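Colleague: Mind looking over this structure? Questions follow.
The values are calculated or read from the model by the stated rules, or taken from the named source; none is laboratory data. Keep in mind it's a predicted model, so treat the numbers as computed, not measured. In this analysis, Cβ positions are derived from the backbone assuming ideal geometry, glycine residues included, and neighbour counts consider all displayed protein chains. In case anyone asks, the SASA skips ligands and DNA or RNA and just uses the protein heavy atoms, side chains included. Shrake-Rupley method; radii C 1.70, N 1.55, O 1.52, S 1.80 Å.
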Amino acid sequence: MKLILFLTCMLAVTYTTYGIQLQNGDLIFQEACPGETDDTIKQVTTSMDGYNFTHVGMIYIDENDEIFVLQATIPEVTLTPLEEYLYPTSNKACYPISVVGRIQERYQSLIPEALQEGMKLIGRKYNYAFDLSNDSYYCSELIYEIFRRANGGEAVFPLNEMTFKSLKTGEYTKGWIEWFDKLGIPVPEGEPGINPGAMSRSDILSFLIPF
């Protein structure tokens, strides 16, 4: 399992696991194994340092020092034990690559309230349409939204114009055409949004030191 910790300075250690010092608010980006939906995501996004991230969640450590990942995944927002997040029992044949990113020190004070906001959203449905105006959430949208709320309504992570076109061909990919056809809605090309790859490239995160 490949794990990298993004750090530029020593910060308070909260929990150590897998040889990595984790703390509340750390983000775990994941690059999924090859698969139809995940390959569709990879075709239209770029990530830091040559990765192809398809998912992101946020570390939460409870009062018993048990560690979880707050994530928006199908079918809903949930708290997932770290072990299951890193090594999902649903796909033992191929585990995702996981990379840990840390929020820069100037935004660390937002983490407690961001986690509180995230807890309020547990059980909300997954945002299949990638529409920021509805009351459901996809993975990176959840992280964006809880930090925005914690920051008094001002965004911490920047939004992008979403694209569902192949980086190689400039055309909509077959997977995304089928995805939105199934939902019965137009492809939301150019609408505001944020994906895990774009989030990983944000200067809000401090990186890169292999751990």
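Colleague: Does the range 64-84 contain any residue that is at pLDDT 90 or above, acidic (Asp, Glu), open to solvent by 50 Å² or more (accessible area, probe 1.4 Å) and assigned to a loop (DSSP other than H, G, I, E, B)?
Modeller: Within the range 64-84, one or more residues are at pLDDT 90 or above, acidic (Asp, Glu), open to solvent by 50 Å² or more (accessible area, probe 1.4 Å) and assigned to a loop (DSSP other than H, G, I, E, B).
Colleague: For Leu121, are the conditions met, namely being in contact (Cβ under 8 Å) with a residue 60 or more places away in the chain and among the hydrophobic types (A, V, I, L, M, F, W, C)?
Modeller: So Leu121 does not fit the description; no.
Colleague: Something else now. Restricting to the range 139-156, and then to whatever is in a loop (DSSP other than H, G, I, E, B) and among the aliphatic types (A, V, I, L, M), can you tell me which residue is most open to solvent (accessible area, probe 1.4 Å)?
Modeller: Among those that are in a loop (DSSP other than H, G, I, E, B) and among the aliphatic types (A, V, I, L, M), it is Ala155.
Colleague: Still on this model: List, please: which pairs have Cβ atoms under 8 Å, are six or more places apart or on different chains, and start with a residue in the range 74-95 that is free of Cβ contacts under 8 Å to residues at least 40 places away in the same chain and end with one that is β-branched (Val, Ile, Thr) and surrounded by 10 or more Cβ atoms within 10 Å (Cβ to Cβ)?
Modeller: As it stands, the answer is Thr80/Val69; Thr80/Thr73; Pro81/Ile67; Pro81/Val69, since those pairs meet every condition given.
Colleague: Among the candidates Leu183, Leu167, Leu159, which residue alone is open to solvent by 50 Å² or more (accessible area, probe 1.4 Å), in contact with a Pro (Cβ under 7 Å, 6 or more places away or on another chain) and either closer than 19 Å to Ser140 by Cβ or at pLDDT 90 or above (or both)?
Modeller: When all the criteria are applied, what remains is Leu159.
Colleague: Sticking with this structure for a sec: Could you check Ser200 against (1) modelled with pLDDT of 95 or more; (2) open to solvent by less than 10 Å² (accessible area, probe 1.4 Å) and say which number it fails?
Modeller: Among (1) modelled with pLDDT of 95 or more; (2) open to solvent by less than 10 Å² (accessible area, probe 1.4 Å), the lone unmet condition for Ser200 is (1).
Colleague: Just a yes or no: is a residue in the range 99-118 within 18 Å of the chain's Cα centre (by Cα), part of a loop (DSSP other than H, G, I, E, B) and in contact (Cβ under 8 Å) with a residue 24 or more places away in the chain?
Modeller: Yes, some residue in the range 99-118 is within 18 Å of the chain's Cα centre (by Cα), part of a loop (DSSP other than H, G, I, E, B) and in contact (Cβ under 8 Å) with a residue 24 or more places away in the chain.
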